[in-house]
């Protein structure tokens, strides 16, 4: 399905419907984050301060605006049939001249270990190459984040290198970052 600016807005996979956040999603998203908070706080700085339903609703509205401006593409991964929120996959512009993007993701606790994130990352990767004309898509993750590394590997991303002590983790300690990438063939 396309939206008013002509971009594909919903993507269907075998088990999922990927769609942008919508007005009214805040309370549900907030519940999913709180369900998963301990593991999110290990890797995602925004999770350090738990969201409220109001802040989650504000995020949903900002995501709608960012879609319209083609600045960022956030997808909710919802289970076909039930529409239950399973995960988020975001596509963030890194360099418009290339163009290149970075994919980030998180999965709610009750949906982990079922391959939903990998399925969503594959679909968003195709969206980046086929719809946005990407020449490069990256996944960056803390070298200690085994789950994120496994997603990148399952999705056939190539480990290009490791940046040593390139940023701070959620506890403000220096950390290393793996950079995985796919390029247009």
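Assess whether residue 58 counts as being out of contact with any strand residue (DSSP E or B) (no Cβ under 7 Å at 6 or more places or on another chain) and under 25 Å from residue 43 (Cα atoms). So residue 58 passes the test.
Just one residue in the set 83, 97 is free of Cβ contacts under 8 Å to residues at least 24 places away in the same chain, over 12 Å from the mean Cα position of the chain (by Cα) and not in a helix (DSSP H, G or I); that residue is 97.
Exactly one residue out of 150, 184, 164 is at pLDDT 95 or above and over 24 Å from residue 116 (Cβ atoms), and it is 164.
Summed over the range 14-54, residues that are free of Cβ contacts under 8 Å to residues at least 40 places away in the same chain and out of contact with any helix residue (DSSP H, G or I) (no Cβ under 8 Å at 6 or more places or on another chain) total 5. Taken together, the residues in the range 100-121 that are in a helix (DSSP H, G or I), under 23 Å from residue 185 (Cβ atoms) and more than 11 Å from the chain's Cα centre (by Cα) amount to 1. One residue alone among 170, 141 is in contact (Cβ under 8 Å) with a residue 24 or more places away in the chain, in a loop (DSSP other than H, G, I, E, B), touching a helix residue (DSSP H, G or I) at 6+ places or on another chain (Cβ under 7 Å) and surrounded by 12 or more Cβ atoms within 10 Å (Cβ to Cβ), and that residue is 170.
When restricted to residues that are more than 18 Å from residue 30 (Cβ to Cβ) and without any contact (Cβ under 8 Å) to a residue 40 or more places away in the chain, the range 60-80 contains 5. Any residue that is free of Cβ contacts under 8 Å to residues at least 12 places away in the same chain, under 21 Å from residue 28 (Cβ atoms) and surrounded by fewer than 20 Cβ atoms within 10 Å (Cβ to Cβ) - is there at least one of those in the range 125-134? Scanning the range 125-134 turns up no residue that is free of Cβ contacts under 8 Å to residues at least 12 places away in the same chain, under 21 Å from residue 28 (Cβ atoms) and surrounded by fewer than 20 Cβ atoms within 10 Å (Cβ to Cβ).
Which numbered condition trips up residue 57, out of (1) closer than 30 Å to residue 178 by Cβ; (2) without any contact (Cβ under 8 Å) to a residue 40 or more places away in the chain? In the conditions (1) closer than 30 Å to residue 178 by Cβ; (2) without any contact (Cβ under 8 Å) to a residue 40 or more places away in the chain, residue 57 misses (1) alone. Only one of the numbered conditions (1) in contact (Cβ under 8 Å) with a residue 40 or more places away in the chain; (2) in contact with a strand residue (DSSP E or B) (Cβ under 6 Å, 6 or more places away or on another chain); (3) within 19 Å of residue 135 (Cα to Cα) is not met by residue 92, and that is (1). If you go through the range 11-29 and keep only what is part of a helix (DSSP H, G or I) and under 16 Å from the mean Cα position of the chain (by Cα), you end up with just 29.
The values are calculated or read from the model by the stated rules, or taken from the named source; none is laboratory data. This one's a predicted model, so the numbers in the text were calculated from it and none came from an experiment. Because the Cβ atoms are built from the backbone with ideal geometry, glycine has one as well, and the counts that use them run over all protein chains shown.
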